[in-house]
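Bear in mind that the values in this text are calculations on the coordinates, not laboratory data. Everything numeric here is computed off the predicted structure, so don't read it as measured data. Ideal geometry is used to build each Cβ from the backbone, glycine not excepted, and the neighbour counts take in all protein chains shown.
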Amino acid sequence: MSTSPPTALDRARTKAYWRLLPILFACYIVAYVDRTNVSIAKLNMQIDMPAFTESVIGFGSGIFFVGYFLLEIPGTLIVERWSARKWISRIMITWGFVAAATAWVTSPGQFYAARFFLGLAEAGFFPGVIVYLTHWFPSRDRARALSIFLIATPIAQMISPKICNLMLPIGSDLIINGVQTHIPEILGLKGWQWIYIAWGIPAVVLGVIVLLFLTDKPNEAKWLSDEEREALNAELEREKAARRVRQGGHMTVFEALGNPKVLLLATAYFFIVTGNYGVEIFLPSILKEWYNLDNDLLTWVLVIPPIGALLGQLFVGWNSDRTRERRFHAAVPIYLGAAGLALTLFRGNPLWLMIILFTVVATGLKAYLPAFWSLPSLFLTEAAAAGSIGLINSVGNLGGFVGPYMLGYLKDYTGSYLLGIVFLSTSVAISATIIVTLGLGKKPAAAP
């Protein structure tokens, strides 16, 4: 049975996947590790520097998102109006140097400053990529493209713990065959310091790769034929025109930023990010305290939950594009994550059951992403979409400050993680409820 050859549009779509997404995928892996590797580094930082309490770690982890907030919208507009390639390259090189510099902090104040400037340096990367993908992928491909990009986060969570654990013993005392042994420092630096340095370097390298190999828009892509460029541009322009008709004309950036749907999406994202980063930053410490795990076993256990997140994201991205339904593909995983988090409060759970529950949590707190980030482009275009995506991400990511800080504060105040987990679970459930009631992303009615 013969099949028709791929059209110029199909060829352009395929080439865009293979040219752009691998680079962006690698960048996001490093970005995610650089903002969360403190969860492993802290295990020895707190031994070397007792002033680094859970509250200090939580506040420092969270203040990243305050710096992130300040430049998020301007950075996203720069991607839309200037050059994604140049701006993302600048972001990565800057954050690589700042991430590595965290190795030399010696006080909570220095730690706070390093995390704040890391957030400032990275601001605009994630929403910039979301906007950048709208320059290349038609709506039918967007959730799938997003899911490929976004699975970088569970991949980062799978590879980071074991790699960090290889460095963590450097400069520390270990019991080996019943004998206390000192693992020597390397260049006078300890393992937790090398974690920051080793993950800062790839960001700089990838920043150079982005500058050399990323292409801003299809009409600049020499790796597409003339026919392929024209077909892809025509499809993207057709979709923009259709959205303008549906929304009754062109919406300005300021109109979009005040749009109630945009504000509610930002609120929903705030509550889910609060839960997500609270769990991610403190999960190693929670499991270590509850089950008295050594670092080697702990870092193996931490590899399991991201596997669920990876599979969940791929399924939601694929099925959301297939059905063209976004709302419940975003909300249902979040509700599952909230339920799984609530069930971890039963402290009698054996370790294997707790790992299953945290796998459900990780799946729920990640799988929603491809469908969620397809929502703004359903009613916004161009600069309005770019500004709104920047607003949603910047306001939402302030939850990355609230979640870790509240969990660390409540742990120091009560001596237990339980009240903090209640707070995170409630926050996550609120997010899903907002998405369900918003009304965006319903499955289109079948044509008569």
Subject >> Segment ARG324-LEU311, extension gain: residue separation times 0.36 nm, minus the distance between their alpha carbons >> reply: 2.8 nm
Subject >> Test item: Cα-centred dipole of segment 11-438, Lys/Arg +1 and Asp/Glu -1 on Cβ, debye >> reply: 1000 debye
Original post:
When you count, for each residue, the other Cβ atoms within 10 Å and take the mean per peptide, how do 400-411, 184-195 rank with the highest first?
Top reply: 400-411, 184-195
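Rank the residues GLU227, GLU325 as a footprinting-exposure proxy: fewest other Cβ atoms within 10 Å of their Cβ go first.
Going from least to most buried by this count: GLU227, GLU325.
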Subject >> Of ARG90, ARG322, ARG144, the one that fluctuates the most in a GNM where the chain has Cα springs shorter than 10 Å >> reply: ARG322
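Using the number of other C-beta atoms within 10 angstrom as an exposure proxy, rank ASP34, ASP48 with the fewest first.
Arranged by neighbour count, lowest to highest, ASP34, ASP48 become ASP48, ASP34.
Quick one: length gained pulling LEU345 to LEU378 fully straight, 0.36 nm per residue minus the C-alpha distance?
8.1 nm
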Original post:
For the chain: lysine pairs with Cα atoms under 24 Å, gap of 8 or more or different chains, count?
Top reply: 27
**OP:** Please give the contour-minus-distance gain from ALA51 to SER416: 0.36 nm per residue of separation, less the Cα-Cα distance, rounded to one decimal in nm.
**Re:** 129.5 nm
**OP:** Compute the Cα gyration tensor for the chain, then decide on rounded, prolate or oblate, letting a ≥ b ≥ c be the square roots of its eigenvalues: rounded whenever a/c is under 1.5, prolate when a/b is larger than b/c in the other cases, and oblate in all that remain.
**Re:** prolate
Subject >> Size of electric dipole in segment 250-360: Cβ of Lys, Arg +1 and of Asp, Glu -1, about Cα centre, debye, nearest 20 >> reply: 380 debye
Original post:
Taking the Cβ of GLU220 as the center, what net charge do the other residues with Cβ under 11 Å away carry, scoring Lys and Arg +1 and Asp and Glu -1?
Top reply: +3
Original post:
Comparing ALA101, ALA241, ALA342, which has the greatest mean-square fluctuation in the GNM of the chain with Cα pairs linked when under 10 Å apart?
Top reply: ALA241
Subject >> Net charge, TRP95 excluded, C-beta distance under 11 Å - Lys, Arg +1, Asp, Glu -1 >> reply: 0
Subject >> Exposure proxy order (Cβ contacts within 10 Å, fewest to most) of HIS135, HIS182 >> reply: HIS182, HIS135
**OP:** Return a whole-number percent for the relative contact order of segment 11-438, with Cα pairs under 8 Å and 6 or more residues apart as the contact set.
**Re:** 27 percent
Original post:
Between LYS288 and VAL205, how many nm apart are label points set 7 Å from Cα along the C-beta direction?
Top reply: 2.8 nm
